[in-house]
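Peer 1: I am attaching a structure below and will ask some questions about it afterwards.
The values are calculated or read from the model by the stated rules, or taken from the named source; none is laboratory data. Everything numeric here is computed off the predicted structure, so don't read it as measured data. Don't worry about glycine lacking a Cβ; one is built from the backbone with ideal geometry, like all the others, and counts go over all protein chains shown.
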Amino acid sequence: MYAQLVETGLKEVQGVADMTAEEREFQARIDADIKIEPKDWMPDAYRRTLIRQIQQHAHSEIVGMLPEGNWITRAPSLQRKAILMAKVQDEAGHGLYLYCAAETLGVSRDQMIADLHAGKVKYSSIFNYPTLTWADIGTIGWLVDGAAIMNQIPLCRCSFGPYARAMVRVCKEESFHQRQGFDIMLTLCRGTAEQKAMAQDALNRWWWPSLMMFGPSDAASVHSAQSARWKIKLLSNDELRQRFVDQTVPQADFLGLRIPDDELAFDDATGHYTFGDIDWNEFHEVIKGHGPCNRDRMRTRVNAWEEGAWVREAAIAHAEKRAAREAKHAA
Amino acid sequence: MSEWPLWEVFIRSQHGLAHKHVGSLHAADAEMAIKNARDVYTRRNEGISIWVARSADIHASSPGDRAALFEPANDKVYRHPTFFPMPDEVKHI
């Protein structure tokens, strides 16, 4: 998902017998659906895991602006341009809600940004693919934001108060993103043969990376099991992926587009779609930094941070100077 | 270089309610904090008024004091009007 392969630092799921009194009390609060707030006592592993998860999520929102920003100047109409700018601005907002939720756990904003730039913390694999045509912008809204909603709606109920509250805000806005994407696809699919072919080409390229967003099966993962006990992961990767496929295939049918999977079929017995094998080798290569755009994305982020340094410094210098002047007048 | 200080943001919605905490952000001074809060927290008409306060200036009760602070209210149910049953015949009370 936006936070993929989040490690807990633990080798096995902690049993009740291994817990201290404080840890038992903490787990009891989570089991009773009482939110954990920043000043409450929490196990170190819970704090560290959440910092990693929320931070990855925040970085994904910020890096996620880049593939779409690529099309702001080339949107096909003034209205599409205004809509895309509003969407990209929302992504910045989502990143900021999430950074501030992570900061309540005691990590500084600068530290998180330094960790991203040093490659210590990842962002979602999906943003390492290029946006080659305008149809890619439609597909990202439809599929990538659709997948994000799938993951983020359950997180509104997660155990950590600031993260849950940030997710509520994000989900309210995300639906606009998905619909504007579908609207682009609908327009292309009702357009000329070339436009429809462009929509199909974009779906062909984004379908499998979108399914990879949910991450490999975590049915056997200790980290996922522990995160589930802490209620910072509410559904398994496979469950979320299945929901996404079940929801999206009929939408593609409506558009008259073909999902690029020969094995895709509806199973009457289960009421779910079955689908072909995902190329996890590609996923791991992208995570490791070998996707089509990894280097470009990181270079763009690092440049933005470094080239903006003088602005941050000047603003602080200005604020200090003004505060000193006001203090002198008051004296 | 030091980070811009952290500010807590409070927004009054359209409905005449009190300002409500919505989150935090970084800004060099109060003026910039209000401008940033406008962009981050009110993109969809969420508010008509913004307060910002330096996070460092906010003092909070500690979770450890929860019992001492809030439990004394538990055995004072007579503070709620429903503590006093009223005969059905008695109206407007």
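Peer 1: Among what's in segment A:201-229 and is aliphatic (A, V, I, L, M) and in contact with a helix residue (DSSP H, G or I) (Cβ under 9 Å, 6 or more places away or on another chain), pick the residue that is farthest from A:Glu263 (Cα to Cα). So that I can check it myself, show each step before the final result.
Peer 2: Just the residues of segment A:201-229 that are aliphatic (A, V, I, L, M), to begin with: A:202-203, A:211-213, A:219-220, A:222, A:225, A:228.
Subset that is in contact with a helix residue (DSSP H, G or I) (Cβ under 9 Å, 6 or more places away or on another chain): A:202-203, A:211-213, A:219.
On the way: A:Ala202: 20, A:Leu203: 16, A:Leu211: 14, A:Met212: 17, A:Met213: 20, A:Ala219: 23 Å.
The residue in question is A:Ala219.
Peer 1: Residues to consider are A:Asp145, A:Asp90; find the one that is within 14 Å of another protein chain (Cβ to nearest Cβ), of a type in the set (D, E, K, R) and closer than 21 Å to A:Met213 by Cα. If you could, list the steps in order and put the result at the bottom.
Peer 2: On the way: A:Asp145 fails: within 14 Å of another protein chain (Cβ to nearest Cβ).
Only one candidate qualifies: A:Asp90.
Peer 1: Between B:Ser55, B:Ser49, which is within 12 Å of chain A (Cβ to nearest Cβ) and of a type in the set (Ser, Thr, Tyr)? Step through it out loud before you land on a result.
Peer 2: Numbers: B:Ser49 fails: within 12 Å of chain A (Cβ to nearest Cβ).
Criteria check complete, one pass: B:Ser55.
Peer 1: Another one. Tell me which residues, restricted to segment A:273-331, are among the small types (Gly, Ala, Ser) and within 14 Å of another protein chain (Cβ to nearest Cβ). Walk me through it before giving the result.
Peer 2: So the first thing to find is which residues in segment A:273-331 are among the small types (Gly, Ala, Ser), and the list is A:276, A:289, A:291, A:304, A:308-309, A:314-315, A:317, A:319, A:323-324, A:327, A:330-331.
Across segment A:273-331, the qualifying residues are A:Gly308, A:Ala309, A:Ala314, A:Ala315, A:Ala317, A:Ala319, A:Ala323, A:Ala324, A:Ala327.
Peer 1: Any idea how many residues of segment A:178-214 are more than 24 Å from A:Asp90 (Cα to Cα), outside any helix (DSSP H, G or I) and touching a residue at least 40 places away in the same chain (Cβ under 8 Å)?
Peer 2: Total satisfying the criteria: 0.
Peer 1: Here's a follow-up. Considering segment B:13-45 alone, what residues qualify as being surrounded by fewer than 17 Cβ atoms within 10 Å (Cβ to Cβ) and part of a strand (DSSP E or B)?
Peer 2: Of all residues in segment B:13-45, those surrounded by fewer than 17 Cβ atoms within 10 Å (Cβ to Cβ) come to B:13-21, B:30-31, B:34-35, B:38-39, B:43-45.
If the condition is that a residue be surrounded by fewer than 17 Cβ atoms within 10 Å (Cβ to Cβ) and part of a strand (DSSP E or B), then B:Lys20, B:His21 are the ones that fit.
Peer 1: Report yes if A:Tyr97 is at pLDDT 95 or above, of a type in the set (Phe, Trp, Tyr) and under 14 Å from A:Gln226 (Cβ atoms), otherwise no. Explain how you work it out, then say what you get.
Peer 2: Details: at pLDDT 95 or above: yes; of a type in the set (Phe, Trp, Tyr): yes; under 14 Å from A:Gln226 (Cβ atoms): no.
Judged against the criteria, A:Tyr97 is not a match.
Peer 1: Could you figure out which of (1) facing another protein chain (nearest Cβ under 10 Å); (2) touching an Asp or Glu at 6+ places or on another chain (Cβ under 8 Å); (3) closer than 18 Å to A:Trp305 by Cα isn't true of A:Leu96?
Peer 2: So A:Leu96 meets the others, but not (2).
Peer 1: Could I ask something else about it? Quick one: which residue in A:Ile83, A:Ile62, A:Ile72 is touching a helix residue (DSSP H, G or I) at 6+ places or on another chain (Cβ under 8 Å), among the β-branched types (Val, Ile, Thr) and free of Cβ contacts under 8 Å to residues at least 24 places away in the same chain? Let's see the steps before the verdict.
Peer 2: Values: A:Ile83 fails: free of Cβ contacts under 8 Å to residues at least 24 places away in the same chain; A:Ile62 fails: free of Cβ contacts under 8 Å to residues at least 24 places away in the same chain.
Among A:Ile83, A:Ile62, A:Ile72, only A:Ile72 is touching a helix residue (DSSP H, G or I) at 6+ places or on another chain (Cβ under 8 Å), among the β-branched types (Val, Ile, Thr) and free of Cβ contacts under 8 Å to residues at least 24 places away in the same chain.
Peer 1: Within segment A:116-136, does at least one residue satisfy the condition of being closer than 23 Å to A:Trp41 by Cα, out of contact with any Gly (no Cβ under 6 Å at 6 or more places or on another chain), more than 14 Å from every other protein chain (Cβ to nearest Cβ) and part of a loop (DSSP other than H, G, I, E, B)?
Peer 2: Here is the first cut: in segment A:116-136, the ones closer than 23 Å to A:Trp41 by Cα are none.
No, segment A:116-136 contains no residue that is closer than 23 Å to A:Trp41 by Cα, out of contact with any Gly (no Cβ under 6 Å at 6 or more places or on another chain), more than 14 Å from every other protein chain (Cβ to nearest Cβ) and part of a loop (DSSP other than H, G, I, E, B).
Peer 1: Sort through A:Val6, A:Val16, A:Val88 and tell me the only one that's among the hydrophobic types (A, V, I, L, M, F, W, C) and exposed (fewer than 12 other Cβ atoms within 10 Å of the Cβ). Show your work before the answer.
Peer 2: Numbers: A:Val6 fails: exposed (fewer than 12 other Cβ atoms within 10 Å of the Cβ); A:Val88 fails: exposed (fewer than 12 other Cβ atoms within 10 Å of the Cβ).
It is A:Val16.
Peer 1: Same structure, new question: Taking only pairs six or more apart or across chains, which ones have beta-carbon atoms under 9 Å, a first residue in segment B:46-65 that is surrounded by 11 or more Cβ atoms within 10 Å (Cβ to Cβ) and in a loop (DSSP other than H, G, I, E, B), and a second residue that is modelled with pLDDT under 90 and not aromatic (Phe, Trp, Tyr)?
Peer 2: Every condition considered, the pairs that remain are B:Glu46/B:Gln14; B:Gly47/B:Gln14; B:Ile48/B:Gln14.
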